[in-house]
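Okay, structure first, notes after.
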Amino acid sequence: MAFSRALVLLTFVAAVVVFSNAQDQKPEVKHTPAPMTSAASGKEMFMSYCASCHGKDAKGDGPAASARSAKPADLTMLAKNNGGSYPSMKVMSVLRGQANVGAHGNQEMPVWGPVLWRMSQGHESEMQQRIANLSKYIESLQMK
């Protein structure tokens, strides 16, 4: 009887330790090559490149968001946070990798400019089309 109580207690303690360690671990993001997308579809590019962190609705709550040390931006608030005007030049600058945005360009958030350039195979006009269409799609998600 005492042995079975000890066994139950030991099993309970082991379960608590395992559960506690699981709670302390941050989810890990698996880095994979960016898939090819249509330059004509801002939505397709957003879903392929941005939604994992920013969420399908762009509110910063994508499935990989909890693995980041900083919460991804709520992209639906860009216009509201810019006096009601969508900051298209700033967004396109971030997408090109030219803007100094803390979350972009480190291990957590890639700079998309070089990725989009490679997908465009060095064709400047296609890269510009990708950036413009992705920015227009993000603009379409702005809170009214």
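Can SER38 be described as within 11 Å of the chain's Cα centre (by Cα), free of Cβ contacts under 8 Å to residues at least 24 places away in the same chain and open to solvent by 20 Å² or more (accessible area, probe 1.4 Å)? No; evaluated as a whole, the condition is false for this residue. Only residues in region 49-72 that are closer than 20 Å to ARG130 by Cα count as the first member; pair them with residues that are surrounded by 15 or more Cβ atoms within 10 Å (Cβ to Cβ) and of a type in the set (Lys, Arg), Cβ under 9 angstrom, at least 6 apart or cross-chain, and list the lot. Once the first residue is closer than 20 Å to ARG130 by Cα and sits in region 49-72, its partners that are surrounded by 15 or more Cβ atoms within 10 Å (Cβ to Cβ) and of a type in the set (Lys, Arg) give CYS53/ARG68.
Filtered by the rule that a residue be at pLDDT 95 or above, within 26 Å of MET127 (Cβ to Cβ) and in a loop (DSSP other than H, G, I, E, B), region 81-113 gives SER85, TYR86, PRO87. Just so you know, in region 60-80 the residues that are modelled with pLDDT of 95 or more and in a helix (DSSP H, G or I) include one that is surrounded by the most Cβ atoms within 10 Å (Cβ to Cβ), and it is LEU75.
The values are calculated or read from the model by the stated rules, or taken from the named source; none is laboratory data. Everything quoted here is computed from the prediction, not taken from an experiment. For neighbour counting, all protein chains shown are included, and Cβ atoms are generated from backbone atoms with ideal geometry for every residue, glycine included. Please note that ligands, DNA and RNA were not included when accessible areas were found on the heavy atoms of the full protein model with its side chains. Shrake-Rupley method; radii C 1.70, N 1.55, O 1.52, S 1.80 Å.
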